[in-house]
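Undergrad: Quick one: structure below, then a few questions.
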There are 2 protein chains.
Amino acid sequence: MRISARTQYALGAMLALAVADRPVHAERIAVTQEIPRRFCDNILLQLRRAGLIRSQRGPDGGYWLARPAGQIALADVIRVTEGAEPPARPFSPAAAPLAEIWDRLRSHENALLSEITLADVIAAGDPRSPADASKDGGFRPSPNGLLDGGPRSTGNGSAAVGREAR
Amino acid sequence: MRISARTQYALGAMLALAVADRPVHAERIAVTQEIPRRFCDNILLQLRRAGLIRSQRGPDGGYWLARPAGQIALADVIRVTEGAEPPARPFSPAAAPLAEIWDRLRSHENALLSEITLADVIAAGDPRSPADASKDGGFRPSPNGLLDGGPRSTGNGSAAVGREAR
DNA sequence: ACCATTCCTACTATACAAGTAGGAATAATA
DNA sequence: TATTATTCCTACTTGTATAGTAGGAATGGT
């Protein structure tokens with residue numbers, strides 16, 4: 001499970017947008033998430049091109065989520081920043097059964113990251129409210145019980161300002 | 001789940017040793033596993049230093065497993081070739097809950113790779129015998145059923161020639 | 001003595017990750 | 001319309017890890 005700095009930053013930025021109730025400047029994201037300023041620009045641009053966030057230029061511009069936080073899975077973000085993985089090198093006959101093992105690991109990882117949404121992560125970090133996270137299949141912090149199955153939570157992530165932009 | 005060429009090669013080499021019933025030359029391993037010759041040397045050396053295999057120099061020398069194939073988990077091999085992972089970069093407050101998710105992914109991955117032994121992989125690839133793999137918690141190929149729990153298989157991996165070497 | 005093999009250190013080449021630079025486009029405001 | 005704050009875009013630099021190579025020393029069988 002490789003997590004690049006870029007991906008870590010992108011997730012932080014998305015979470016920052018998810019908790020805000022109005023457009024946020026790149027500057028602010030960079031500071032609060034401790035992302036190098038220009039690199040932050042760079043990442044936000046990539047996220048916008050992928051359709052995960054929207055933006056507005058000029059003074060009073062900023063970024064916001066394209067969809068409610070409850071409808072954006074961690075996997076959605078990670079896929080963008082990590083890009084497509086290079087084709088696996090061919091297996092020798094003796095090592096062929098390993099292919100299936102790698103597949104299973106990838107599947108599990110993918111299933112988990114596709115279940116957990118930005119809203120789930122925020123709920124897990126919020127001192128109040130995490131009690132009812134079990135109801136919607138959300139992610140609960142320490143007292144174990146991750147991914148007990150259940151449908152993806154669909155709550156609006158608090159960041160849905162009515163505003164039209166590209 | 002990153003798998004470097006080095007790790008893939010190392011696993012192939014270990015499997016090649018696991019199916020052999022006597023010492024195998026680096027040359028032979030390189031050919032059958034399609035590993036660049038000198039690189040193969042390099043990797044075998046690392047595996048020996050880690051105590052996973054033993055060796056003998058000179059004509060009629062070669063390499064063999066230090067322990068039965070049923071007592072060498074994939075994780076044992078991977079740990080050697082991948083080395084220790086670099087310390088994770090600090091999390092911003094908003095992204096803190098992610099730490100636990102990464103932990104769980106790593107744990108699951110580790111648990112799985114620690115359960116599956118070289119002998120299990122060989123059994124999975126072998127046309128005959130994979131039927132009874134379920135008894136010893138082993139890894140079964142396609143007809144699903146991975147990691148049903150159960151203790152690590154302990155069968156001798158067919159490669160235990162009595163021979164003393166460093 | 002000869003030869004095949006393992007053993008060891010160090011080196012190179014390439015790719016990718018992380019981050020930077022310079023400025024163009026856009027939009028609010030005065 | 002000028003100013004200014006912001007996003008937008010391409011391209012560059014730099015560091016680090018991966019993949020693989022080179023040259024030869026040590027060992028052991030015949």
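The values are calculated or read from the model by the stated rules, or taken from the named source; none is laboratory data. Only a predicted model underlies this, so the values are computations on that prediction, with no experimental measurement involved. Positions of Cβ are backbone-derived with ideal geometry, glycine not excepted, and every protein chain shown enters the neighbour counts.
Undergrad: Would you tally the residues in segment B:95-117 being out of contact with any strand residue (DSSP E or B) (no Cβ under 8 Å at 6 or more places or on another chain) and more than 8 Å from chain A (Cβ to nearest Cβ)?
TA: Keep residues of segment B:95-117 that are out of contact with any strand residue (DSSP E or B) (no Cβ under 8 Å at 6 or more places or on another chain), which gives B:95-112.
Still in the list and also more than 8 Å from chain A (Cβ to nearest Cβ): B:99, B:103, B:107, B:110-111.
Looking only at that region, the number is 5.
Undergrad: A further question on this structure: When you look at B:Ala75, is it in contact with a strand residue (DSSP E or B) (Cβ under 7 Å, 6 or more places away or on another chain), within 21 Å of A:Phe91 (Cβ to Cβ), more than 14 Å from DNA strand C (Cβ to nearest atom) and modelled with pLDDT of 95 or more, yes or no? Full working, then the answer.
TA: Working: in contact with a strand residue (DSSP E or B) (Cβ under 7 Å, 6 or more places away or on another chain): no; within 21 Å of A:Phe91 (Cβ to Cβ): yes; more than 14 Å from DNA strand C (Cβ to nearest atom): yes; modelled with pLDDT of 95 or more: yes.
No: the conditions fail for B:Ala75.
Undergrad: Still on this model: Restricting to segment A:1-46, and then to whatever is more than 11 Å from DNA strand C (Cβ to nearest atom), charged (D, E, K, R) and out of contact with any Lys or Arg (no Cβ under 8 Å at 6 or more places or on another chain), can you tell me which residue is farthest from the other protein chains (Cβ to nearest Cβ)?
TA: That would be A:Arg22.
Undergrad: Continuing with the same structure: When both residues are 6+ apart or on different chains and their Cβ atoms are under 7 Å apart, which pairs have a first residue that lies in segment B:40-61 and is over 15 Å from B:Gly83 (Cβ atoms) and among the acidic types (Asp, Glu), and a second that is more than 6 Å from DNA strand C (Cβ to nearest atom) and modelled with pLDDT of 95 or more?
TA: none
Undergrad: So is A:Leu11 assigned to a helix (DSSP H, G or I), in contact with a Phe, Trp or Tyr (Cβ under 7 Å, 6 or more places away or on another chain) and touching a residue at least 24 places away in the same chain (Cβ under 8 Å) or not?
TA: Values: assigned to a helix (DSSP H, G or I): yes; in contact with a Phe, Trp or Tyr (Cβ under 7 Å, 6 or more places away or on another chain): no; touching a residue at least 24 places away in the same chain (Cβ under 8 Å): yes.
The answer is no for A:Leu11.
Undergrad: Considering only residues of segment A:53-71 that are surrounded by 22 or more Cβ atoms within 10 Å (Cβ to Cβ) and away from DNA strand D (no atom under 11 Å from the Cβ), which is farthest from A:Arg22 (Cα to Cα)?
TA: A:Gly70
Undergrad: Right, here's the next one. Determine whether B:Ala18 is of a type outside the set (S, T, N, Q), free of Cβ contacts under 8 Å to residues at least 12 places away in the same chain, out of contact with any Pro (no Cβ under 6 Å at 6 or more places or on another chain) and not in a loop (DSSP other than H, G, I, E, B).
TA: On the way: of a type outside the set (S, T, N, Q): yes; free of Cβ contacts under 8 Å to residues at least 12 places away in the same chain: no; out of contact with any Pro (no Cβ under 6 Å at 6 or more places or on another chain): yes; not in a loop (DSSP other than H, G, I, E, B): yes.
Here the answer is no, as B:Ala18 does not meet what is asked.
Undergrad: Out of the residues in segment A:72-94 that are within 14 Å of DNA strand D (Cβ to nearest atom), of a type outside the set (A, V, I, L, M, F, W, C) and over 23 Å from the mean Cα position of the chain (by Cα), state the one that is nearest to the other protein chains (Cβ to nearest Cβ).
TA: Checked segment A:72-94; the qualifying residue nearest to the other protein chains (Cβ to nearest Cβ) is A:Ser92.
Undergrad: Identify, from the list B:Arg67, B:Arg49, the residue that is away from DNA strand C (no atom under 14 Å from the Cβ), charged (D, E, K, R) and at pLDDT 95 or above.
TA: Numbers: B:Arg49 fails: away from DNA strand C (no atom under 14 Å from the Cβ).
On inspection, the qualifying residue turns out to be B:Arg67.
Undergrad: Let me ask you something else. Here is a list: B:Asp120, B:Asp136, B:Asp132. Which entry is at pLDDT 50 or above and more than 8 Å from chain A (Cβ to nearest Cβ)?
TA: Sole residue among the options that is at pLDDT 50 or above and more than 8 Å from chain A (Cβ to nearest Cβ): B:Asp120.
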